[in-house]
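Right, one structure below, let's go through it.
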Amino acid sequence: MSDLDTLVRDAKALFESCQTPAELENAKAQFLGKAGHITVLMKGLGALSIEEKKAQGALINKSKVAIEEALNAKRQALADAELNVQLKAEAIDVSLPARAQASGGLHPVSLTLERIEAIFGSMGFDVAQGPEIETDWFNFTALNTPPDHPARSMHDTFYVEGDYVLRTHTSPMQIRYAVEHVRKHKAALDANEAIPEIRVIAPGRTYRVDSDATHSPMFHQCEGLWIGEAVSFKDLKVVFTDFCYSFFETRDLELRFRPSFFPFTEPSAEIDIKFSSGPLSGRWLEVAGSGQVHPKVVSNMGLDPEKYIGFAFGMGPDRLTMLRYGVNDLRLFFDGDLRFLSQFK
Ligand code: PHE
């Protein structure tokens, strides 16, 4: 085997052993670089005769071409290998099933609150929001429930340091809203002129130490208040009956105003409803507390109880949601289980 054949064979073997493009380019320099074997051989031709130059030059050239071919083949092989590694790393499995676009929805209790607001809104009621951490004054005392009042024990709640409680009902909003109304119309009141009636609902979260299938330590209430110069219990009956017809989308139900007691209303009544048909028919179900606003409460609002009179009610939107959708465990509303919640979309 000629020296040239050996050279070509060595080059091929060296190129083949290279693992990276950088290694390969170093190996190339040994043969084709400025001081490489082929270059040196080419330079050596100068010393030969014309005939020998031709013959020897052609042989060297053939070897050079062979080495270059081997080099290019290995360059390509290394580039291919690199591309394959990259393709593997960035592979996208197009056979995986696509993730479905999930659409959200309102919580069932939110749906109820929206309904309540829309229905009372259509009857001319404003919607008000108030704090969930309430002062003792607004939650109890202003509502004719002084510190030693036994009714407080039914409202066992979470006390916050200082004079604060997590509100046990939305009734404090009666006082807050009315006081603001009175402040707004102070000039007219001082001048003994008529002022607009107070007509408001106040939905929101409330708290009591209570927990079972139909009670949760956090629950919702919606307060209603209508005060004017001639608002009577009859108006309460009309408004609440209309509300129930609209809310349950049926007139197939009866209402009962069952005498009861609240410190802030006199007389007071629990409002029960009974459906005449459907799965809940035949049973009286309590949906709200209500009554004519107590004169002491009217007075705490900053209004003259001799002149202003009205009614208030407090209903349970959680309860209403259970009745509307036939849910029998209140806790389902607050567990956050999508299998339950997604049924209301
Ligand atoms: N606040 C009362 C309760 O939580 C309900 C109520 C509201 C009663 C307004 C009368 C008037 O039980």
*R0 of 35 Å, Cβ-Cβ distance Arg256-Asp337: FRET efficiency to nearest 0.05*: 0.50
*Which of these, Gly326, Gly44, Gly130, has the largest mean-square fluctuation under a Gaussian network model of the chain (Cα springs below 10 Å)?*
Gly44
_Report the gain in length on full extension from Asn72 to Ala188: 0.36 nm times residue separation, minus Cα-Cα distance, nm rounded to one decimal._
31.9 nm
*So what is the relative contact order for the stretch 164-301, in percent, with contacts set as C-alpha pairs under 8 Å and at least six apart?*
18
*Can you spot the lysines whose alpha carbon is less than 27 Å from Lys28's alpha carbon? Ignore those fewer than 8 places along the same chain.*
Lys12, Lys43, Lys53, Lys54, Lys62, Lys64, Lys74
_Show me, bin by bin at 10 Å from 0, the whole-percent P(r) of the chain based on Cα pairs._
5, 18, 20, 12, 5, 3, 4, 5, 7, 8, 7, 5, 2, 0
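In the chain, what percent of the accessible surface is made up of carbon and sulfur (1.4 Å probe, ligands and nucleic acids excluded)?
54
Given the Cα-Cα distance of Trp284 and Tyr245 and 0.36 nm per residue of separation, how much length would full extension add, in nm? Don't jump to the answer; show the numbers that get you there.
Details: separation 39, 0.36 × 39 = 14.04 nm, distance 1.58 nm.
So the chain would gain 12.5 nm between Trp284 and Tyr245.
From the gyration tensor of the Cα coordinates in the stretch 56-149, what semi-axes in whole Å does the equivalent ellipsoid have, largest first, with each one equal to sqrt(5λ)?
87, 20, 12
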_Residues of the stretch 1-43 with amide N under 20 Å of a point placed 7 Å along Cα→Cβ from Ala79_ = 12, 15-29, 32-33
_For the chain, calculated [θ]222 nm from helices alone, where every DSSP H run of n ≥ 4 adds -39500 (n - 2.57)_ = -13500 deg cm²/dmol
*Give, rounded to the nearest 20 debye, the magnitude of the charge dipole that the chain has about its Cα centre when Lys and Arg contribute +1 at Cβ and Asp and Glu contribute -1 at Cβ.*
1120
*Dipole of the stretch 225-336, positive direction: furthest Cα of Phe311, Ser260, Ser246, with charges on the beta-carbon*: Ser260
*What residue among Leu236, Leu78, Leu303 has the largest mean-square fluctuation in a Gaussian network model of the chain, using Cα springs under 10 Å?*
Leu78
*Using only alpha carbon positions, build the gyration tensor of the stretch 3-89, then give the equivalent ellipsoid semi-axes as the square roots of 5 times its eigenvalues, largest first, whole angstrom.*
32, 11, 9
_Descending semi-axes in whole angstrom, ellipsoid equivalent of the stretch 217-345, from the Cα gyration tensor_ = 31, 18, 12
*With point charges of +1 on the Cβ of Lys and Arg and -1 on the Cβ of Asp and Glu, referenced to the Cα centre of the stretch 3-89, which listed residue (Asn84, Ala58, Ala73) lies farthest in the positive direction of the dipole?*
Ala58
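Restricting to Cα pairs below 8 Å that are 6+ residues apart, what does the relative contact order work out to for the stretch 104-180? Please round to a whole percent.
This gives 31 percent for the stretch 104-180.
By how many nm would the segment from Asp5 to Asn26 lengthen if fully extended, with 0.36 nm per residue of separation less the alpha-carbon distance?
5.5 nm
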*Using a Förster distance of 51 Å, the FRET efficiency for Phe233-Glu161 (Cβ separation, nearest 0.05)*: 0.80
*Under 20 Å from a point 7 Å along the Cα-to-Cβ line of Leu87: which residues of the stretch 17-44 have their amide N that close?*
20-21
*Enter the Cα centre distance for the pair the stretch 53-116 and the stretch 305-345, rounded to the nearest angstrom.*
56
*asked:* How high is the relative contact order of the stretch 3-89? Use alpha-carbon pairs under 8 Å, at least six apart in sequence, and give a whole percent.
replied: 38
*At Ala47 and Ala151, where each label point lies 7 Å from the Cα along Cα→Cβ, what is the point-to-point distance in nanometres?*
12.3
*At 1.4 Å probe size, with every protein chain present, just tell me what the per residue accessible area of the chain comes to in Å².*
56
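The values are calculated or read from the model by the stated rules, or taken from the named source; none is laboratory data. This is a predicted model, so every value here is computed, not measured. Cβ coordinates were reconstructed from backbone atoms using ideal geometry, including for glycine residues, and neighbour counts include every protein chain displayed. Quick note on the areas: whole protein, heavy atoms, side chains included, nothing else; ligands and nucleic acids left out. Shrake-Rupley method; radii C 1.70, N 1.55, O 1.52, S 1.80 Å.
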